[in-house]
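S.K.: This is the structure, below, for whatever I ask next.
The values are calculated or read from the model by the stated rules, or taken from the named source; none is laboratory data. All figures in this text were calculated on a predicted structure; none of them were measured in a lab. In this analysis, Cβ positions are derived from the backbone assuming ideal geometry, glycine residues included, and neighbour counts consider all displayed protein chains. Accessible surface areas use protein heavy atoms only, side chains included; no ligands, DNA or RNA. Shrake-Rupley method; radii C 1.70, N 1.55, O 1.52, S 1.80 Å.
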Amino acid sequence: MEKQQTGSMKRNKMIGNAFAYAALILISIIWLFPFFGLIMQSFRSYDPKVEYGGMVDYIIPKHFSLDNYRFLFSGETNYLRWYGNTLIIAFCVAILQTIIILCVSYALSRMRFKGRTLLMRFWLVLGMFPGFLTLICLYFLLKQFGLTQAGAIPGLILVSVASSGMGYYVCKGYFDTIPAALDEAAMIDGASRAKIFLILTVPLSKPIIIYTALVAFMAPWCDFVMASYIAFGYDKSYNVAVGMQRWVWTNDYQGYFTRFCAGGILVAVPVTILFMFLQKYYVEGVTGGAVKG
Amino acid sequence: MDVIRKFFRAVGENIASIGTTFAQGDAKTRLSYLIFGIGPLMRGQIVKGLAFLSCEALFIWYMVSFGWTYLSKFSTLGTVETHKEHRVTVYGDNSFLILLFGLLTIVLIFLVILVWRMNIEENRYEESLLKAGKKLPANKSVLGSLLDGNFDKTLLALPVLGIFLFTVLPIMFMICVAFTNYDKNHQSPTNLFTWVGLDNFKQLFTFGSSGFGTTFLKVLAWTMVWAFFATFLDYFLGMAVAILINKKGIKFKKLWRTILVITIAVPQFVSLLYVYKMFANDGLVNGYLMKWGWISSPIPFWTDPMLARITIIVVNIWIGIPYMMLIATGLLMNIPEELYESARIDGATPFQMFRSITLPYMLFVTGPFLLTQFTGNLNNFNVIYLLTKGQPQSMKMAENAGQTDLLVTWLYKMTVTNTDYKMAAVIGIMVFLVVAVTSLIVYNMLPSVRDEGGFQ
């Protein structure tokens with residue numbers, strides 16, 4: 001009797017697991033399918049002598065070719081320039097934004113000064129305004145300093161970094177968990193606030209620093225609105241998103257769709273690899289941020 | 001009410017203090033009322049004195065060189081139009097710059113009053129120290145405190161300045177624009193624009209062919225529907241996937257997670273634009289369905305209004321599940337295993353356990369997160385813009401609004417395509433109100449706010 005029961009329970013469990021695996025495999029296929037398609041399309045030639053370069057109803061190209069990649073490196077467009085621009089912006093923003101967020105978080109987490117809660121509340125309210133509201137104003141502000149069109153890259157970096165102090169939540173939440181007793185002990189030993197910040201807090205915050213820098217590094221690769229508005233028609237100042245979206249939205253996309261795929265792959269692969277390496281820190285930051293709210 | 005009373009009391013106390021300091025102060029202090037920081041300078045407080053003095057000098061230089069010119073035209077936003085004299089264009093007033101620098105000047109005046117008040121307070125403090133027979137702090141230690149006691153000022157100076165110049169000032173500017181007629185017919189520097197009071201808000205709530213009312217309500221309704229589905233579908237499905245992967249006996253947990261996480265890693269403009277093409281009329285999905293003979297004509301995923309909305313929400317699930325899955329995975333591990341153990345002994349089914357243990361815990365812990373997700377989705381520009389750009393277009397809607405436009409994407413279109421800045425500003429204020437009101441209402445309803453120790 002008893003044996004039979006455990007047997008049926010085992011069978012139930014196995015059926016349950018089988019369903020779970022089936023669901024997981026289905027989910028994996030759905031999630032990977034677009035990326036698989038993207039990779040395959042990037043190897044389809046746009047040369048009409050080889051294969052039709054527009055939209056087709058099959059995934060695997062009939063002839064694998066590197067035509068799209070050759071096109072990107074040929075200098076017919078400014079693709080390499082756009083790529084370089086995005087890389088420069090991403091690096092600068094990642095470094096500067098991380099420094100600013102660390103400074104703000106430390107001040108708000110560790111120091112008690114007049115107007116601290118007022119400042120935090122004020123920034124919270126500011127964050128409720130939609131981001132693109134100020135587009136024209138920012139454009140004219142930057143124009144006053146010559147940071148549009150030809151100077152769009154420092155301009156973009158400035159805009160992304162200038163307001164980044166408001167994104168302190170996750171980092172401050174992390175600082176709050178570092179015991180205050182450590183600071184007090186260091187202070188008794190005669191260390192100044194600046195010294196505590198640099199020698200004690202920063203080294204203890206490696207995970208959150210990596211998280212902040214990673215998020216800051218990834219954002220410029222998707223930045224389309226700000227970048228297109230500030231670079232406005234000056235091709236050499238585009239980033240990859242601005243430069244390549246035209247290949248999809250232009251009326252002539254039939255000839256450019258596969259080229260977009262190839263360009264997209266070249267953007268996605270390094271960013272994805274970097275992300276996968278630092279995934280642990282990302283998960284930590286995101287989970288911590290979600291619970292703190 | 002209490003806040004207002006406190007505020008007025010503080011103002012009163014400040015004014016009283018300014019008066020008594022002047023009446024009881026010495027000549028150095030009184031002179032400081034006119035020349036900032038002269039008192040501290042004469043008492044040997046070089047650093048502080050110079051700081052105050054340079055503030056005043058900079059302010060006077062700013063006002064004389066151009067602040068005053070802009071401020072004096074602020075009430076009209078300029079009267080001299082750009083015109084041609086003997087075929088040469090003579091530029092008149094630039095309303096845009098008058099508004100921008102006028103605002104900047106007003107803020108600076110407030111700041112200088114604040115500095116003036118601090119300068120008086122500093123004088124009073126120094127006098128009281130000297131009267132008590134104490135020494136004033138050395139200049140070196142004043143500077144040194146910027147790295148110690150006053151380190152917060154050093155840390156925050158640059159970020160606060162950046163936020164002021166690139167967020168606060170532009171937002172103030174755009175709020176003002178909502179009360180002007182700045183649009184494609186009034187573009188500076190060729191044309192002037194001026195104050196029009198509440199006209200733009202009236203137009204927003206005018207129903208009929210000339211007003212924005214119908215379009216605004218339609219777009220607002222879709223924005224709310226979208227935010228609701230985008231938030232809660234992602235939330236529950238993401239949690240379900242996390243539970244599935246966490247299930248006992250499932251192997252390769254890391255592999256499944258990694259597969260899902262790729263969507264976060266790949267820049268959205270690559271993945272979403274590809275997905276957009278995948279569902280296009282001549283795209284892969286329709287291509288295969290037709291090849292297999294399931295349908296005879298392409299399914300209009302992006303061109304039929306209702307279908308486009310559904311497709312967007314479905315694609316957003318594809319984007320949103322991995323993110324929620326990551327968060328839920330971490331949190332699910334925090335639920336004490338004994339809770340499930342005892343429930344199992346009581347004979348609870350998995351669904352009952354989910355409903356009375358997992359869900360309450362998750363809702364409690366992630367309440368604030370859900371709120372930020374919701375407000376984030378109200379302003380989710382990327383997903384909408386990269387997928388449909390707000391299309392399909394509708395002739396019945398004002399200002400090029402499409403059937404899938406959110407308030408933000410509509411705002412973007414008004415700014416960039418239609419250059420109807422005044423209405424864009426009005427919509428921006430409306431978005432702010434929607435976000436602020438939802439946040440306030442929901443925040444006060446959250447269990448974790450009402451009852452902090454509720455789940456312990």
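S.K.: From the residues in segment A:140-183 that are within 13 Å of residue A:93 (Cα to Cα) and among the small types (Gly, Ala, Ser), which one is most open to solvent (accessible area, probe 1.4 Å)?
M.R.: Ranking the candidates gives A:160 first.
S.K.: Also, quick follow-up: Is it true that residue B:44 is of a type in the set (Gly, Ala, Ser), in contact (Cβ under 8 Å) with a residue 24 or more places away in the chain and outside any helix (DSSP H, G or I)?
M.R.: Numbers: of a type in the set (Gly, Ala, Ser): yes; in contact (Cβ under 8 Å) with a residue 24 or more places away in the chain: yes; outside any helix (DSSP H, G or I): yes.
Answer is yes for this residue.
S.K.: Can you name the residue in segment A:266-279 that is more than 7 Å from chain B (Cβ to nearest Cβ), touching a residue at least 60 places away in the same chain (Cβ under 8 Å) and in a helix (DSSP H, G or I) and is also farthest from residue A:80 (Cα to Cα) among such residues?
M.R.: Here is the first cut: in segment A:266-279, the ones more than 7 Å from chain B (Cβ to nearest Cβ) are A:266, A:269-270, A:273-274, A:277-278.
Next, from what is left, pick out any that are touching a residue at least 60 places away in the same chain (Cβ under 8 Å): A:266, A:274, A:278.
Imposing the further condition that a residue be in a helix (DSSP H, G or I) reduces the set to A:266, A:274.
Details: A:266: 11, A:274: 20 Å.
Per the stated criteria, the residue is A:274.
S.K.: Would you point out the residue of segment B:425-451, among those that are in contact (Cβ under 8 Å) with a residue 24 or more places away in the chain and not β-branched (Val, Ile, Thr), that is nearest to residue B:381 (Cα to Cα)? I'd like the intermediate steps shown before the answer.
M.R.: So the first thing to find is which residues in segment B:425-451 are in contact (Cβ under 8 Å) with a residue 24 or more places away in the chain, and the list is B:425-431, B:434-435, B:438-439, B:442-443, B:446-449.
Now narrow it down to the ones that are not β-branched (Val, Ile, Thr): B:425, B:428, B:430, B:439, B:443, B:446-448.
Numbers: B:425: 17, B:428: 13, B:430: 16, B:439: 19, B:443: 24, B:446: 27, B:447: 30, B:448: 29 Å.
Filtering segment B:425-451 for residues that are in contact (Cβ under 8 Å) with a residue 24 or more places away in the chain and not β-branched (Val, Ile, Thr), the one nearest to residue B:381 (Cα to Cα) comes out as B:428.
S.K.: Is it true that residue B:404 is crowded, with 16+ Cβ neighbours inside 10 Å, in a helix (DSSP H, G or I) and among the hydroxyl-bearing types (Ser, Thr, Tyr)? Give the derivation first.
M.R.: On the way: crowded, with 16+ Cβ neighbours inside 10 Å: yes; in a helix (DSSP H, G or I): no; among the hydroxyl-bearing types (Ser, Thr, Tyr): yes.
Against the criterion (crowded, with 16+ Cβ neighbours inside 10 Å, in a helix (DSSP H, G or I) and among the hydroxyl-bearing types (Ser, Thr, Tyr)), residue B:404 does not qualify.
S.K.: Please find, within segment A:35-50, the residue that is farthest from residue B:270 (Cα to Cα) out of those that are open to solvent by less than 10 Å² (accessible area, probe 1.4 Å) and of a type outside the set (S, T, N, Q). Steps first, answer last, please.
M.R.: Pass one, segment A:35-50, residues open to solvent by less than 10 Å² (accessible area, probe 1.4 Å): A:37-38, A:41-42, A:44-45.
Next cut, of a type outside the set (S, T, N, Q) only: A:37-38, A:44.
Values: A:37: 12, A:38: 9, A:44: 17 Å.
Result: A:44.
S.K.: How many residues does segment B:64-77 hold that are surrounded by 17 or more Cβ atoms within 10 Å (Cβ to Cβ), part of a helix (DSSP H, G or I) and of a type in the set (A, V, I, L, M)? If you could, list the steps in order and put the result at the bottom.
M.R.: Looking only at segment B:64-77, we keep the residues that are surrounded by 17 or more Cβ atoms within 10 Å (Cβ to Cβ), and these are B:67, B:70-71, B:73-74, B:77.
If we keep only those that are part of a helix (DSSP H, G or I) as well, we get B:67, B:70-71.
When the remaining residues are screened for being of a type in the set (A, V, I, L, M), the result is B:71.
Counting residues in segment B:64-77 that are surrounded by 17 or more Cβ atoms within 10 Å (Cβ to Cβ), part of a helix (DSSP H, G or I) and of a type in the set (A, V, I, L, M) gives 1.
S.K.: Among the numbered criteria (1) open to solvent by 30 Å² or more (accessible area, probe 1.4 Å); (2) at negative phi; (3) not charged (D, E, K, R), which single criterion is violated by residue A:133?
M.R.: Exception for residue A:133: condition (1).
S.K.: Another question, if that's okay. Working carefully through the options A:88, A:100, A:95, find the one that is within 21 Å of residue A:217 (Cβ to Cβ) and open to solvent by less than 30 Å² (accessible area, probe 1.4 Å).
M.R.: Working: A:88 fails: open to solvent by less than 30 Å² (accessible area, probe 1.4 Å); A:95 fails: open to solvent by less than 30 Å² (accessible area, probe 1.4 Å).
Being within 21 Å of residue A:217 (Cβ to Cβ) and open to solvent by less than 30 Å² (accessible area, probe 1.4 Å) holds for just one of A:88, A:100, A:95, which is A:100.
S.K.: Would you say residue A:37 is in contact with a helix residue (DSSP H, G or I) (Cβ under 9 Å, 6 or more places away or on another chain) and facing chain B (nearest Cβ under 7 Å)? Break it down into steps so the answer makes sense when it comes.
M.R.: Details: in contact with a helix residue (DSSP H, G or I) (Cβ under 9 Å, 6 or more places away or on another chain): yes; facing chain B (nearest Cβ under 7 Å): yes.
So residue A:37 passes the test.
S.K.: Here's something else I'd like to know. Please list, ordered by residue number, the helices (runs of 4 or more DSSP H) wholly in segment B:290-367 having 3 or more residues that are under 24 Å from residue B:241 (Cβ atoms) and touching a residue at least 24 places away in the same chain (Cβ under 8 Å).
M.R.: Values: elements: B:305-332, B:337-345, B:350-353.
Because the criterion is at least 3 residues that are under 24 Å from residue B:241 (Cβ atoms) and touching a residue at least 24 places away in the same chain (Cβ under 8 Å), the helices (runs of 4 or more DSSP H) in segment B:290-367 that meet it are B:305-332.
S.K.: Test residue B:307 against the stated conditions and say whether it is within 23 Å of residue B:431 (Cα to Cα), open to solvent by 40 Å² or more (accessible area, probe 1.4 Å), hydrophobic (A, V, I, L, M, F, W, C) and away from chain A (no Cβ under 13 Å).
M.R.: Working: within 23 Å of residue B:431 (Cα to Cα): no; open to solvent by 40 Å² or more (accessible area, probe 1.4 Å): yes; hydrophobic (A, V, I, L, M, F, W, C): yes; away from chain A (no Cβ under 13 Å): yes.
Answer is no for this residue.
S.K.: Oh, and also: When both residues are 6+ apart or on different chains and their Cβ atoms are under 6 Å apart, which pairs have a first residue that lies in segment B:116-127 and is open to solvent by 70 Å² or more (accessible area, probe 1.4 Å), and a second that is part of a helix (DSSP H, G or I)?
M.R.: So the pair list comes out as B:124/B:21.
S.K.: Sticking with this one: Just name the residue that is most open to solvent (accessible area, probe 1.4 Å) out of those in segment A:202-231 that are under 21 Å from residue A:182 (Cβ atoms) and free of Cβ contacts under 8 Å to residues at least 40 places away in the same chain.
M.R.: Among those residues, the one meeting the criterion is A:206.
S.K.: Residue B:179 - would you say it is in contact (Cβ under 8 Å) with a residue 12 or more places away in the chain, of a type in the set (Phe, Trp, Tyr) and more than 10 Å from chain A (Cβ to nearest Cβ)?
M.R.: Working: in contact (Cβ under 8 Å) with a residue 12 or more places away in the chain: yes; of a type in the set (Phe, Trp, Tyr): yes; more than 10 Å from chain A (Cβ to nearest Cβ): yes.
Yes; evaluated as a whole, the condition is true for this residue.
To keep it simple, each residue is scored yes or no on (1) away from chain B (no Cβ under 12 Å); (2) in contact with a Cys (Cβ under 7 Å, 6 or more places away or on another chain); (3) free of Cβ contacts under 8 Å to residues at least 12 places away in the same chain.
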position: A:89; (1), (2), (3): yes, no, no
position: A:99; (1), (2), (3): no, no, yes
position: A:114; (1), (2), (3): no, no, yes
position: A:139; (1), (2), (3): no, no, no
position: A:145; (1), (2), (3): no, no, yes
position: A:168; (1), (2), (3): no, no, no
position: A:171; (1), (2), (3): yes, no, no
position: A:178; (1), (2), (3): yes, no, no
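S.K.: Here's a follow-up. Given the conditions (1) buried (at least 16 other Cβ atoms within 10 Å of the Cβ); (2) more than 8 Å from every other protein chain (Cβ to nearest Cβ); (3) more than 24 Å from the chain's Cα centre (by Cα); (4) more than 28 Å from residue B:256 (Cα to Cα), which single one is not true for residue B:280?
M.R.: Of everything listed in (1) buried (at least 16 other Cβ atoms within 10 Å of the Cβ); (2) more than 8 Å from every other protein chain (Cβ to nearest Cβ); (3) more than 24 Å from the chain's Cα centre (by Cα); (4) more than 28 Å from residue B:256 (Cα to Cα), residue B:280 misses just condition (2).
S.K.: Among the residues of segment A:76-87, write down those that are more than 13 Å from residue A:241 (Cα to Cα) and free of Cβ contacts under 8 Å to residues at least 60 places away in the same chain. Let's see the steps before the verdict.
M.R.: Of segment A:76-87, the ones more than 13 Å from residue A:241 (Cα to Cα) are A:76-77.
The one that is more than 13 Å from residue A:241 (Cα to Cα) and free of Cβ contacts under 8 Å to residues at least 60 places away in the same chain: A:76.
S.K.: Here is a further query. Quick check on my filter: what residues within segment B:230-271 are facing chain A (nearest Cβ under 9 Å), in a helix (DSSP H, G or I) and closer than 21 Å to residue B:383 by Cα?
M.R.: B:259, B:260, B:261, B:262, B:263, B:264, B:265, B:268, B:269, B:270, B:271
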